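Undergrad: Before anything else, here's the structure in question.
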Amino acid sequence: MSRRQSLSLLKNIGRFTTGSQTQTRSVTYMPRPGDGKPRPVTLIPGDGVGPLVTNAVEQVMEAMHAPVYFEPFDVHGDMKSLPEGLLESIKKNKVCLKGGLKTPVGGGVSSLNVNLRKELDLFASLVNCFNLPGLGSRHENVDIVVIRENTEGEYAGLEHEVVPGVVESLKVITKFCSERIAKYAFEYAYLNNRKKVTAVHKANIMKLADGLFLESCQEVAKKYPSIAYNEIIVDNCCMQLVARPEQFDVMVTPNLYGNLVANTAAGIAGGTGVMPGGNVGAEYAVFEQGASAGNVGKDTTEEQKNANPVALLLSSAMMLRHLQFPSFADRLETAVKRVIAEGKCRTEDLGGKSTTQEVVDAVISKLD
């Protein structure tokens, strides 16, 4: 074989031809023996449009023969406690996919969403808010990751009536929880080649509580000199988000601020119906629609079966990557993005008239 022939052969190693197109197959990772075994995933269809969008995920997973199978649990937001067997299932499987759960307003009924995070110590909530090609928004170059402390702050639920007409609600901030969420944010930035972490706070007013959160972030930042670090007061943060969102990269926040910031960023980038997210701790992970605003949908959306499944489909891709099935995650993400970019099949919240099932069918048709 001549030198020229050898070079030609080397250039084509790893390439394969489909029709008239030549593509490059890249090696993503080397799995351990047995990594292809199907994994059980606990499934919470939830309330409202939850069963509709979780069923969308089930259909797409089945269509691409993803190595996962679901263990469903009937859970509703008005239940007084988590149903028997649910926590045991998640602890066994390590991973859960969840539709929206309604949280009763007032009445003394605790949020099952909050209970689930506390019971499993899912201390980090992650929401990725980014522009999707083909989906118009007021701003370009938006790619924000909001990492929110998930177990304390105002969500501690420590409230009582001191005297009739006077209610005291305690905001709890600890050094332990502040440091571990800061470490998670910087670790995420480091592992994902992100350049900056911004801490969101109100330490100008809550000097001790938010001051402790800031001090913890500052201490952790010193251990990551390659990543830029800055701080912003939460009210200015909201204004800057709607004015120049492209300035933000990774944001780390206490519990309540993170909820507000994530939903604002999602609205800016394209809507809550398309932003993926999840909750993770040292051992367990629960994946759900990233931004929570209206995540159980309106009654008309449920009746007309036109809920947007994109957010949960992208969250499911995050789940597949978490389970070390990157090629399946890439296939799913690519198919969803192709449907969005094409623009022919969109639900009402994205300016279209498609049903949930029509979007699912379109995504399945785009799977490679």
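The values are calculated or read from the model by the stated rules, or taken from the named source; none is laboratory data. Model, not experiment: these values are computed from the prediction. Using ideal geometry, Cβ is built from the backbone for each residue, glycine included, and neighbour counts are taken over all protein chains shown. To get the accessible areas, we keep the full protein, side chains included, count just its heavy atoms, and leave off ligands, DNA and RNA. Shrake-Rupley method; radii C 1.70, N 1.55, O 1.52, S 1.80 Å.
Undergrad: Could you give me D for segment 277-368, from Stokes-Einstein at 4 °C and 1.567 mPa s, where the hydrodynamic radius is the Kirkwood radius over C-alpha pairs? Units µm² s⁻¹, please.
TA: Result for D is 93 µm²/s.
Undergrad: Counting only other residues whose beta carbon sits under 15 Å from that of Gly85, what net charge do I get with K and R as +1, D and E as -1?
TA: -3
Undergrad: Give, in nm to one decimal, the length gained when the segment between Lys80 and Lys305 is fully stretched (0.36 nm per residue of separation minus the Cα-Cα distance).
TA: Difference between extended and current length: 78.2 nm.
Undergrad: At most 14 other Cβ atoms within 10 Å and a DSSP loop assignment: could you name the trypsin sites (Lys or Arg not before Pro) in segment 32-112 that fit?
TA: Lys80
Undergrad: Could you pull out every residue, at least 5 positions away or on a different chain, whose amide H is within less than 5 Å of the one on Ala199? Hs are placed 1.01 Å off N in the peptide plane, and Pro or chain starts have none.
TA: Residues meeting the criterion, in which the H sits 1.01 Å from N, are Asn230, Glu231, Ile232, Val252.
Undergrad: Whole number please: convex hull volume per residue of the Cα set in segment 243-306, in Å³? Intermediate values should be presented prior to the final figure.
TA: Working: hull volume 7.5 nm³, N = 64.
Looking at segment 243-306, the number lands at 118 Å³ per residue.
Undergrad: What's the ranking of 145-151, 160-166 by average number of surrounding C-beta atoms within 10 Å, highest first?
TA: Going from most to least packed, we get 145-151, 160-166.
Undergrad: From the phi angles alone, apply the Karplus equation (6.51, -1.76, 1.60; θ = phi - 60°) to segment 123-128 and give each ³J(HN,Hα) in whole Hz, x where the residue is Gly or Pro.
TA: 6, 10, 9, 10, 10, 9
Undergrad: Give me, ordered by chain and number, the residues 5 or more places off Ala307 or on other chains with an amide H under 5 Å from its own placed amide H.
TA: Hits under the 5 Å cutoff: Thr356.
Undergrad: So for each of 302-309, 51-58, 191-198 I average, over its residues, the number of other beta carbons within 10 Å; can you give me the resulting order with the highest mean first? Please report the intermediate quantities before stating the final value.
TA: Numbers: 302-309: 20.1, 51-58: 23.0, 191-198: 14.6.
The densest-packed peptide leads the list: 51-58, 302-309, 191-198.
Undergrad: Further question on the same structure: From the phi angles alone, apply the Karplus equation (6.51, -1.76, 1.60; θ = phi - 60°) to segment 88-95 and give each ³J(HN,Hα) in whole Hz, x where the residue is Gly or Pro.
TA: Using θ = phi - 60°, the values come out as 4, 5, 5, 5, 6, 7, 6, 9 Hz.
Undergrad: Per residue, what volume in Å³ does the Cα convex hull of segment 177-329 take up?
TA: 136
Undergrad: Considering only Cα-Cα distances, which of the following residue pairs are longer than 23 Å: Lys118/Lys305; Lys118/Lys175; Lys298/Lys353?
TA: Lys118/Lys305
Undergrad: Tell me the angle of helix 175-191 to the major Cα principal axis of the chain, expressed in degrees between 0 and 90 and rounded to the nearest ten.
TA: 20
Undergrad: With the cut-off at 35 Å, report for the chain the share of all Cα pairs above it, as a whole percent.
TA: Across the chain, Cα pairs with separations above 35 Å total 28 percent.
Undergrad: Highest first, please rank the peptides 171-182, 269-280 by the mean number of other Cβ atoms sitting within 10 Å of their residues.
TA: Top of the packing list down: 269-280, 171-182.
Undergrad: Residue by residue, what Karplus-based ³J(HN,Hα) values in Hz, rounded to whole numbers, does segment 207-223 have, using 6.51, -1.76 and 1.60 with θ = phi - 60° and x for Gly and Pro?
TA: For segment 207-223, the Karplus-derived couplings read 5, 7, 5, 5, x, 5, 4, 5, 4, 5, 5, 5, 5, 5, 4, 5, 7 Hz, x marking Gly and Pro.
Undergrad: Another question about this same structure. Compute the long axis of helix 255-269 from its Cα atoms, compare it with the longest principal axis of the Cα atoms of the chain, and write down the angle in degrees, 0 to 90, nearest 10.
TA: Helix 255-269 sits at roughly 40 degrees to that axis.
Undergrad: Would you mind telling me the antiparallel percentage of the DSSP bridges in the chain, rounded to 5?
TA: 50
Undergrad: Hey, another quick one. Considering only protein heavy atoms, what is the solvent-accessible area of Tyr190 at a probe of 1.4 Å, reported in Å² to the nearest 10?
TA: 140
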